[in-house]
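Worksheet for the structure shown next.
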Amino acid sequence: MSKKPWAGRFTQPTDAFVEAFTASIDFDQRLYRYDIQGSMAHARMLARQGIIAADEAETIIAGLEGILADIEQGRFEFSVGLEDIHMNIEARLIERIGSVGGKLHTARSRNDQVALDVRLYLRDEVRAVADHLADVQQALLDQAEANLGVIMPGYTHLQTAQPILFAHHMMAYYEMLQRDAGRLRDLAERLNIMPLGAGALAGTTFPIDREYVAEQLGFSGVTRNSLDSVSDRDFALEFCSAGAIIMMHLSRLAEELILWSSADFAFIELSDGFCTGSSIMPQKKNPDVPELVRGKTGRVYGNLMSLLTVMKALPLAYNKDMQEDKEPLFDTIDTVKGSLKIFSAMIAEMKVRAEAMRLAAAKGFSTATDVADYVVRKGIPFRDAHEIVGKTVRYCLERNKLIEELSLDEFRSFSPAIEEDIFAHITLEASVDARRATGGTAREAVAREIARARQERAHRSRN
Ligand code: ARG
């Protein structure tokens, strides 16, 4: 059993099971790089303020560099007895450079240290998630552009409603992910504030320079209240919340891809790499990847709920409960990144079955609203037009006909206002292209949005 840095007050060793139960090293070791980065900045500050000597800081920093290399090359053995990443590194530092290593923790506590480490770590991960989001958006945009003319049925209540462009449908997801990216940018700003210097909870008696630590680590400012600094986990909650919304969006697309790749829809085909077969039914090609992403959405929602519940009603300031922030946060990061990564590849490789989509749109009376609008333009009130077209649809259903297969005489039996030009208004193309105001499904409107999105992309990669 390792000697604890806090063993001074204790007369008996920790029970082995308690030690394992309270340790976080199994999961918080992923913070090692940020823990070291933060410690180096802290050591430089201590020397600059005359709290430790310049050569002591140099020795400490060299020692930390050695530890970093050891960890990266798999030469570092993490010890459960040393509880967490902070004590593992500190204990190793003292082993390496002697008692001067013990000066690193001057004017610092693990409470403000862990708050710093998680912020540094999450700052990088937010960038990584944003990059993955951008890749999915790119894949959606490419599919939209490559299939601009493809018409499919649009649905409400999962019943055929009006014809839309497949590209318009893809671009709907582009917009959702654009808002997700905005949420990440917002939270990144609040995240980028430096908490070190709060000490255990009340601040420190040493003449520290918090702004200098912040500057070294690229933070935009320092936290303003020591109690809040060590007990705030809002930044993790905000990320778990943004992650949950991203997964909600992906789950909706996942659901549609699953439906669309069924034999009954056959609107798309996912490439074999994203599907699996059945051990008993030879015809099966199962859309496992979108199904799993749909399923993992539950985990990510759960992570948000568990962190909210961990934090609920905790008295100020630090409580050990808060060590439970890491697993839900880490799991959200891993799951969201993985889901986005696999989605961008899957969408890029997805094959679009234009014929099947078109046929479905033609079969479902999707242009009924266009007939009604036509009748309205001939001077009939909309409510009456609705009634006229309703009867027309029933007539078609009874005779197993599509609306565009009716003769002019048949149309006129429902309303004499209908004339020869009706046929030009009820093609799928005419229906789609008539909706050309901003945000509509007309080819020209969707092409404008695709061009705008391309500019947005170009702007993002320049920043
Ligand atoms: N491993 C701890 C955590 O993640 C670090 C802070 C521990 N502080 C303490 N007073 N025990 O929360």
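Rule-based calculations on the coordinates, nothing more; no lab input. Computed from a prediction, not measured in an experiment: that's the story for all the values here. Cβ coordinates were reconstructed from backbone atoms using ideal geometry, including for glycine residues, and neighbour counts include every protein chain displayed.
Tabulated results
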read-out: Residues W260, W6 arranged by fewest to most Cβ contacts within 10 Å; value: W6, W260
read-out: Listed residue pairs exceeding 29 Å between alpha carbons, taken from K312/K337; K284/K341; K326/K351; K4/K320; K284/K351; K320/K341; value: K326/K351; K320/K341
read-out: Hull volume in cubic angstrom per residue (convex hull over the Cα atoms of segment 381-463); value: 125 Å³
read-out: Descending Cα extents along the principal axes, segment 1-120, whole Å; value: 42, 33, 26
read-out: Relative counts (whole %) of C-alpha pair distances in segment 243-382, using bins that are 5 Å wide; value: 2, 9, 13, 13, 12, 11, 9, 8, 7, 6, 5, 3, 2, 1, 0
read-out: Volume per residue that the Cα convex hull of segment 317-405 spans, once the total is divided by residue count, Å³; value: 246 Å³
read-out: Distance between segment 139-217 and segment 340-395 - C-alpha centres, whole angstrom; value: 32 Å
read-out: Using alpha-carbon coordinates, inclination of helix 288-311 to the longest axis of the chain, degrees; value: 50 degrees
read-out: Under the Karplus curve 6.51 cos²θ - 1.76 cosθ + 1.60, θ = phi - 60°, whole-Hz ³J(HN,Hα) for segment 412-429, x wherever Gly or Pro sits; value: 5, 5, 8, 7, x, 5, 6, 10, 3, 5, 3, 5, 6, 8, 10, 6, 4, 4
read-out: Stokes-Einstein translational diffusion, segment 237-279 - Kirkwood Rh over all Cα pairs, 1.306 mPa s, 10 °C, in µm²/s; value: 130 µm²/s
read-out: Convex hull per residue volume in Å³, alpha carbons only, for the chain; value: 202 Å³
read-out: For segment 380-419, radius of gyration divided by Kirkwood radius, i.e. Rg to Rh on alpha-carbons; value: 0.95
read-out: Expected 222 nm ellipticity per residue - DSSP helices of 4 or more, -39500 (n - 2.57), all of the chain, to 500; value: -20000 deg cm²/dmol
read-out: Inter-part distance where segment 274-335 and segment 1-60 are each reduced to a Cα centre, Å; value: 30 Å
read-out: Kirkwood-type radius of segment 74-192, with distances r between different C-alpha atoms, in Å; value: 18.9 Å
read-out: Cα-based equivalent ellipsoid, segment 169-307: semi-axes from gyration tensor eigenvalues, Å; value: 46, 16, 12
read-out: Sequence of M152, M40 once ranked by neighbouring C-beta atoms within 10 Å, starting from the fewest; value: M40, M152
read-out: Two-decimal log10 I(q)/I(0) for segment 160-247, as the Debye equation yields it once each C-alpha is a single scatterer, q = 0.12, 0.13, 0.22, 0.23 Å⁻¹; value: -0.54, -0.59, -1.05, -1.09
read-out: Those aspartates and glutamates that a straight Cα-Cα span of less than 18 Å connects to K363, excepting residues fewer than 8 apart in one chain; value: D264, E355, E398, E404, E405, E429
read-out: Under 5 Å, built H, 5+ apart or other chain: amide partners of A161; value: G154, Y155, T156
read-out: Sequence ranges 251-258, 178-185, 336-343, ranked by mean other-Cβ count within 10 angstrom, highest first; value: 336-343, 251-258, 178-185
read-out: Simple spin-label estimate for K378 and S461 in nanometres, 7 Å along Cα-Cβ; value: 5.2 nm
read-out: Peptides ranked, highest mean first, by Cβ atoms within 10 Å: ranges 324-331, 113-120, 143-150; value: 113-120, 324-331, 143-150
read-out: Kirkwood hydrodynamic radius (C-alpha pairs) into Stokes-Einstein, segment 69-135, 10 °C and 1.306 mPa s, D in µm²/s; value: 113 µm²/s
